[in-house]
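The structure appears right after this line, and notes come after that.
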């Protein structure tokens, strides 16, 4: 990948938290505030945010899979891995393994008296196309974040049109700095084109300046447009977003209106392990931001990643549903394995209370599997690495080992289904197909998209019919969602351009949510 220069924005580095104490926002009269020695403090729920009870922070099926699996119990391992079939055909030498992470919930009775500090770098599109309701929505969203975080959290505001500029350097929240930020948001004005690249770089540099006490770092991108100044491809912008993981930063992208480039905003979320939201109506802003703030303020781990280290003679053949993880999978040579097998690493970033992530990994083993007939043997060590924010930020590693046995009896293979792994396999593959159907709709092929979604939904129902009872509910719920999308895509084929566009964006949003974004 090309090396992307940060040279022309390097001067911004001098606008760190120390300098912030000496300067005010470009719109507003209050002084900036330096980082506190002891940030965070005792959090209180922001006004209007939902209380999600004794288990998790979920809403409207965002973590539908989580409700089936449940968050990890206190003291239990967060990582799990099982083959879809405990017994596989020796002649095929192949096994599909479901891998999942379940972060623990946060019961009221044991919620922490304090939480890690949160650093949010707001970056707002102020190009000319934002005029009207979209700009009003962007300001409302920014104000919701400023009002929803607690004293001791850090917020910065950047904007971009033809160029990126700092509206407010990073400020530690208190009564005075909130007023400064509100004035700055109110005083923002619109400009020219859409230089998303420079805006993203500037926001990520501000987030990277957060002190170690602020382990949860998020860039929140608010945009209606398509990048048209500087580097503008989804691939390059996604690369910049992904680099933020090196500074423990993830990107939440919020698309405003109907004109934004959803592929670019998707790339920002997927590459950094963030979230992607579609906002077209004023009344959806509170719901969207409540969901986002609920997650940011309930982090239980940071710097998390999964490593899949194959046993000697075992190789990673393919990964499905990486979109269900935070980040994209990368391969590396796993030191310590006897054969130097290529291992798989998937970054997760921060994990939030009750969060569920999953993927499907296809593993191939050498030979005809004869040595695996007598007893189950290890396919891979699946390890979760993270900093435990509930336990003095200690670095932790948890492990699950996936195992299979081989047989020549197809009936024995068919009867050896593991319910949780089967549900993961079915829904991960369905999510991948759902996003593929969205791409058809983006090209105007609504009838084809509808057909694909109907086929995938029917196949999922067929699999659910013979699935173990524990796997059925989740598979059927996903099939219902696919049927709904299929009907919407079919109806859009003869609809107005505005309805067609709205349908595409809703399909994309549903697919991203199903994949964990």
Open item on the list: Looking at residue 204 and the list (1) over 27 Å from residue 267 (Cβ atoms); (2) touching a residue at least 40 places away in the same chain (Cβ under 8 Å), which single condition is not satisfied?
Closed with: (1)
- [ ] Hand me the list of helices (runs of 4 or more DSSP H) wholly inside region 224-317 holding 1 or more residues that are in contact with a strand residue (DSSP E or B) (Cβ under 7 Å, 6 or more places away or on another chain) and closer than 30 Å to residue 342 by Cβ.
- [x] 234-243, 262-272
- [ ] Return yes or no: is residue 70 surrounded by 15 or more Cβ atoms within 10 Å (Cβ to Cβ) and modelled with pLDDT of 50 or more?
- [x] no
Task: Of residues in region 147-175 being touching a helix residue (DSSP H, G or I) at 6+ places or on another chain (Cβ under 8 Å) and part of a helix (DSSP H, G or I), the one surrounded by the fewest Cβ atoms within 10 Å (Cβ to Cβ) - done: 147
- [ ] Kindly indicate whether residue 223 is without any contact (Cβ under 8 Å) to a residue 60 or more places away in the chain and buried (at least 24 other Cβ atoms within 10 Å of the Cβ).
- [x] no
Task: Options 236, 256; residue that is buried (at least 20 other Cβ atoms within 10 Å of the Cβ) and either closer than 24 Å to residue 435 by Cα or in contact with a helix residue (DSSP H, G or I) (Cβ under 8 Å, 6 or more places away or on another chain) (or both) - done: 256
Open item on the list: Checking residue 178 against (1) in a helix (DSSP H, G or I); (2) in contact (Cβ under 8 Å) with a residue 60 or more places away in the chain: exactly one of these is not met. Which one?
Closed with: (2)
Task: Unique residue being surrounded by 22 or more Cβ atoms within 10 Å (Cβ to Cβ), over 15 Å from the mean Cα position of the chain (by Cα) and modelled with pLDDT of 85 or more when the list is 279, 316, 306, 300 - done: 300
Open item on the list: Which of the numbered conditions does residue 411 fail, given that it passes all the others? Conditions: (1) at pLDDT 90 or above; (2) outside the structural domain of residue 95 (by TED's automatic domain parsing); (3) assigned to a helix (DSSP H, G or I).
Closed with: (2)
TODO: Go through region 469-494 and count every residue that is closer than 17 Å to residue 440 by Cβ, in a loop (DSSP other than H, G, I, E, B) and touching a helix residue (DSSP H, G or I) at 6+ places or on another chain (Cβ under 7 Å).
DONE: 1
TODO: Residue by residue through region 441-468, note down the ones that are more than 24 Å from residue 503 (Cα to Cα), free of Cβ contacts under 8 Å to residues at least 24 places away in the same chain and not in a helix (DSSP H, G or I).
DONE: 466
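Please work out if residue 144 is out of contact with any helix residue (DSSP H, G or I) (no Cβ under 7 Å at 6 or more places or on another chain), in a helix (DSSP H, G or I) and modelled with pLDDT of 90 or more. Write out each step before concluding.
Values: out of contact with any helix residue (DSSP H, G or I) (no Cβ under 7 Å at 6 or more places or on another chain): no; in a helix (DSSP H, G or I): yes; modelled with pLDDT of 90 or more: yes.
It is false that residue 144 is out of contact with any helix residue (DSSP H, G or I) (no Cβ under 7 Å at 6 or more places or on another chain), in a helix (DSSP H, G or I) and modelled with pLDDT of 90 or more.
The values are calculated or read from the model by the stated rules, or taken from the named source; none is laboratory data. Since we're looking at a predicted model, the values are computed, not measured. When we count neighbours, we look across all protein chains shown, and the Cβ atoms used for this are built from the backbone with ideal geometry, even at glycine.
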